[in-house]
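What follows is a short report on a single structure.
The values are calculated or read from the model by the stated rules, or taken from the named source; none is laboratory data. Since we're looking at a predicted model, the values are computed, not measured. In this analysis, Cβ positions are derived from the backbone assuming ideal geometry, glycine residues included, and neighbour counts consider all displayed protein chains.
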Protein chains: 2
Amino acid sequence: MKIAVDAMGGDYSPREAVRGGLQAIEEKNLQIIFVGREEAIKEELAAAGYQGGLNGPVSIVDASEVIAMDEHPATAVRKKRNSSIVVANRLVKEGEAGAVVSAGNTGAAMAASLLTLGRIPGIARPAIAIPMPTLRGVTILLDAGANADCDPRDLLQFGLMGTVYAEAIMGIPSPRVGLLSIGEEETKGNRLVLESHELFKKSGLNFTGNIEGQDLPRGLCDVAVCDGFVGNIVLKLTEGVAGVLLQRIKEILTGSLLGKTAALLIKKGLQDLRSQMDYAEYGGAPLLGVQGITIISHGRSKAKAFKNAVLFAAKAVEEDLVAKIRQAIEDYKGSGRK
Amino acid sequence: MKIAVDAMGGDYSPREAVRGGLQAIEEKNLQIIFVGREEAIKEELAAAGYQGGLNGPVSIVDASEVIAMDEHPATAVRKKRNSSIVVANRLVKEGEAGAVVSAGNTGAAMAASLLTLGRIPGIARPAIAIPMPTLRGVTILLDAGANADCDPRDLLQFGLMGTVYAEAIMGIPSPRVGLLSIGEEETKGNRLVLESHELFKKSGLNFTGNIEGQDLPRGLCDVAVCDGFVGNIVLKLTEGVAGVLLQRIKEILTGSLLGKTAALLIKKGLQDLRSQMDYAEYGGAPLLGVQGITIISHGRSKAKAFKNAVLFAAKAVEEDLVAKIRQAIEDYKGSGRK
């Protein structure tokens, strides 16, 4: 299996992308195609001590252009046909790679996949599905930011795709699907959620009803559905609140001699907590609904995050996630439901 | 000054409402009117050791009905004309009290104020303005849940009202107003935010542009504006993430002998942190845009939260918050802006 890694994407590229890719092939039998400026990639491979040549588990596909973090996504993708993210997606489209991983400009990664790979038939809007750590494990939140404005059918498709993802990748049988709202009762919510609730009730999904903001970190469902505007705020707010609190705790633990002593006593526990909150453990978020596996990683990804994103991409290829989503959409259509 | 306290509202009523009201008159020269079942209130006054009679700083207005937490707000308010929350609002309407404080059914408290007090002329949708603790102090978030669906003019009015609130109550000159969105650039957001951004730019407010989810806990603005659907999710998610994290830290600090020792060393720091995150310190949230001061408190409010809500209500009366909002709306209209 071949995974295309956008070596130029992310704040620490190509260094961390290259190191992460190399770490992945140490853990799993797969091939990495690094896509980007050939010389820069070769330098990073050398710097990382890689001596295995470029015809085995590691190869390079040269792409001269780079899309910067602040470029307008769709415009940049259309103009820069030889950018690393566009070329990496083309490899998937042409069957040269099974999946693509990028930590670059999120909008550009999305646009490149949408334009190059296209949508799964029947899917109106592909969505970013992000794993969020909770008290009980992980909840898949979607859409985490691909679509700022959605209609009820979009939300229903997010529920279907999230269900397939949770079953296939996380091994959760009959995942609980919740609709993010502002009250448990089905009469609570905005127009979008009220109308979506009706669709979800008849959907055949394991729909557990509305969930509220405080239910998310408690892990009350396996798949949480919302529009991309709400989802992106939820994602960033969660990061922000956790970040501020952990910073405060750190200040307490470093601000005095007593604090420093305490820090030594609970070092292990705090490390576990931090690692559980660490996005790098989860690797990245798939763009569900396109005709191929696309994993979008955090712009701040370091080697570990790239490694986990590659391993996650490999799992999605093995489980044939795209075919399963296609089937779920066809089955839903075939069921005569709206 | 007289403050009407809905003695029957909240999970621990009338006990905590009565104790909180009594604590408030110990701190400030004001009069409390407890509204609710007279006998129950008298019992709680006695249990709290109050012996001052009912013609001085403490009085009771009997209200035989109670609106339960799970009743349909508007229906209950229309039907139960003699419920504590409706009677308390009527006291404000008739000039018998300067403000009302309730920790009951939030929807019912809102509906009672809307129906009894009415809107300030020109205000389309009153909004709940909630103080959220941040790294730098407090940010006022509105709307925190009164209006699930809003239009750009609503959001602009939230910005105006939030500005008046931050100036008058918190003493912040020219408060920074941010629009909650999914990117800093003005081209980022859903349709509502994109259209609102245009209005805010021309509003004459100290508009600092879009803020993102992670900016909220960092306190990047004094007033954060969003629709009530997003605001309510933000509020509850923040509570949820902080709650889960503090619970985890607690487990670390109680799960082992080392942890317990560490807990002793950093006791003071942790207490400060918890108290800063504690909604009870902030008392409650005003419903801005109605013709009177209405403070809505958390259903789980204990005496301290009631006390702070009463003191906050008194401050809002002293500062004549309603008149200042009325003036701001008139000035805005008079400025010829949309």
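Observations on the model:
- Of all residues in the stretch A:170-191, those satisfying the criterion of being within 30 Å of residue A:283 (Cβ to Cβ) and in contact (Cβ under 8 Å) with a residue 24 or more places away in the chain are A:170, A:172, A:174, A:175, A:176, A:177, A:178, A:179, A:180, A:181.
- Residue that is under 24 Å from residue B:110 (Cβ atoms), of a type in the set (S, T, N, Q) and crowded, with 18+ Cβ neighbours inside 10 Å, where the choices are B:64, B:13: B:13
- A Cβ distance below 9 Å, combined with a sequence gap of six or more or placement on separate chains, defines the contacts here; from the stretch B:84-106, residues that are farther than 18 Å from residue B:299 by Cα reach residues that are basic (Lys, Arg) and surrounded by fewer than 24 Cβ atoms within 10 Å (Cβ to Cβ) in the pairs B:87/B:81; B:90/B:81; B:91/B:2; B:96/B:2; B:96/B:90; B:97/B:2; B:98/B:2; B:99/B:2.
- In the stretch B:40-51, the residues that are in the same structural domain as residue B:8 (by TED's automatic domain parsing) reach residues that are surrounded by fewer than 16 Cβ atoms within 10 Å (Cβ to Cβ) and among the acidic types (Asp, Glu) with C-beta atoms within less than 9 angstrom, at least six apart or across chains, in these pairs: B:41/B:62.
- Residue B:94, sole failed condition from (1) within 25 Å of residue B:146 (Cα to Cα); (2) surrounded by 14 or more Cβ atoms within 10 Å (Cβ to Cβ): (2)
- Number of the exception - residue B:184 against (1) assigned to a loop (DSSP other than H, G, I, E, B); (2) touching a helix residue (DSSP H, G or I) at 6+ places or on another chain (Cβ under 7 Å); (3) modelled with pLDDT under 95: (2)
- Counted residues, the stretch A:1-54 - those being in a helix (DSSP H, G or I) and not small (Gly, Ala, Ser): 16
- Output for the stretch A:91-148, where each listed residue is under 21 Å from residue A:326 (Cβ atoms) and part of a strand (DSSP E or B): A:99, A:100, A:119, A:127, A:128, A:140, A:142
- Number of the condition not met by residue A:86 [criteria: (1) touching a Lys or Arg at 6+ places or on another chain (Cβ under 7 Å); (2) farther than 18 Å from residue A:115 by Cα]: (2)
- Residue match in the stretch B:203-215 (condition: assigned to a strand (DSSP E or B), more than 7 Å from chain A (Cβ to nearest Cβ) and hydroxyl-bearing (Ser, Thr, Tyr)): yes
- Residue match in the stretch B:305-323 (condition: touching a helix residue (DSSP H, G or I) at 6+ places or on another chain (Cβ under 6 Å) and under 14 Å from residue B:113 (Cβ atoms)): yes
- Filter pass, residue A:240 being modelled with pLDDT of 90 or more, in a helix (DSSP H, G or I) and either small (Gly, Ala, Ser) or not assigned by TED's automatic domain parsing to the domain that holds residue A:138 (or both): yes
- Subset of the stretch B:176-189 (residues that are at negative phi, at the interface with chain A (Cβ under 9 Å from one of its Cβ atoms) and surrounded by 21 or more Cβ atoms within 10 Å (Cβ to Cβ)): B:180, B:181, B:182
- Residue satisfying condition, being in the same structural domain as residue B:114 (by TED's automatic domain parsing) and under 17 Å from residue B:169 (Cβ atoms), within set B:303, B:328, B:316: B:316
- In the condition set (1) more than 14 Å from every other protein chain (Cβ to nearest Cβ); (2) crowded, with 20+ Cβ neighbours inside 10 Å, residue B:198 is compliant with all but (2).
- Residue match in the stretch A:55-69 (condition: charged (D, E, K, R), in contact with a strand residue (DSSP E or B) (Cβ under 9 Å, 6 or more places away or on another chain), more than 24 Å from residue A:318 (Cβ to Cβ) and assigned to a helix (DSSP H, G or I)): no
- Unique match (being in contact with a Pro (Cβ under 7 Å, 6 or more places away or on another chain) and either without any contact (Cβ under 8 Å) to a residue 24 or more places away in the chain or more than 7 Å from chain A (Cβ to nearest Cβ) (or both)) among B:240, B:231: B:240
- Helices (runs of 4 or more DSSP H) completely within the stretch B:243-338 that count 3 or more residues being at pLDDT 90 or above and among the hydrophobic types (A, V, I, L, M, F, W, C): B:303-318, B:321-334
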